[in-house]
Amino acid sequence: MNRSLPIINTQDRGCTPPSDAPRIVFWLQGLTLAWMLAECGIALYAAATAHSIALLAFGADSLVELLSAAVALMSFLPAFALNKTRAARWAGLLLFALAGVVAAAAIAALVTGIRPLTSPAGIAVTIAALIVMPTLAWLKHRTAKTTENRALAADAVQSATCAYLAGITLLGLGINAAFHIGWMDSIAALAAVPFLIIEGRRALRGESCGCC
């Protein structure tokens, strides 16, 4: 007697077919790369023109995430043979170095009384980041759950962390713009330092975008 095996419809069960997983992760990382490129460029330009240490911290974090997203994207291409663990460690060390630079610059700005200018571009990019990064975090978390991709789940947490950093930066920029309290920019930059250190530790443990 022939017994046919039951056919499992992964779409009916809400699961992503394994063959679609690389395509979806590739799409998400490509979207992340495009956004981080724009975010990094605008944030660093605004930091330079407005003399904002908080925007420098935000842009520096965006730069490292941009590099990590690029490594992750290239890791899906057969033409590239990348050591993702080594790339993640370099990203972690760079984040630690940037945390030290941001902390020193923020303290120097407080001591010397440097007053950053109002930055409409900086405010705009941080507001946009508060919309884009939680959305990307939600998409990555949902995809990681359906594909059981632990690396993508860790990347979703990092995207959410970037949104928190954007919120801190926006708070400092907004207070400075509304009340002309220049030292709030340095305080926002110092508040961003722990986020840079946390992401640096994640990168050293292989939990950053570079391991996706």
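The values are calculated or read from the model by the stated rules, or taken from the named source; none is laboratory data. Because the structure is a prediction, the values reported are computed rather than measured. All Cβ positions, glycine included, derive from the backbone under ideal geometry; neighbour counts span all protein chains shown. What goes into the accessible areas is simple: the full protein's heavy atoms, side chains included, and nothing from ligands, DNA or RNA. Shrake-Rupley method; radii C 1.70, N 1.55, O 1.52, S 1.80 Å.
Which of the following residues is at pLDDT 65 or above and in contact with a Lys or Arg (Cβ under 8 Å, 6 or more places away or on another chain): Gly92, Gly100, Gly41, Gly59?
Values: Gly100 fails: in contact with a Lys or Arg (Cβ under 8 Å, 6 or more places away or on another chain); Gly41 fails: in contact with a Lys or Arg (Cβ under 8 Å, 6 or more places away or on another chain); Gly59 fails: in contact with a Lys or Arg (Cβ under 8 Å, 6 or more places away or on another chain).
Answer to the selection: Gly92.
Each residue in segment 41-69 was checked for being of a type outside the set (Gly, Ala, Ser), open to solvent by less than 10 Å² (accessible area, probe 1.4 Å) and under 13 Å from the mean Cα position of the chain (by Cα), and 4 pass. Output the residue which, of all residues in segment 15-38 that are open to solvent by 10 Å² or more (accessible area, probe 1.4 Å) and closer than 30 Å to Ile187 by Cα, is modelled with the lowest pLDDT. Result: Leu33. The residues of segment 159-176 that are of a type in the set (A, V, I, L, M, F, W, C) and without any contact (Cβ under 8 Å) to a residue 60 or more places away in the chain, listed by number, are Ala160, Ala163, Leu170, Leu171, Ile175.
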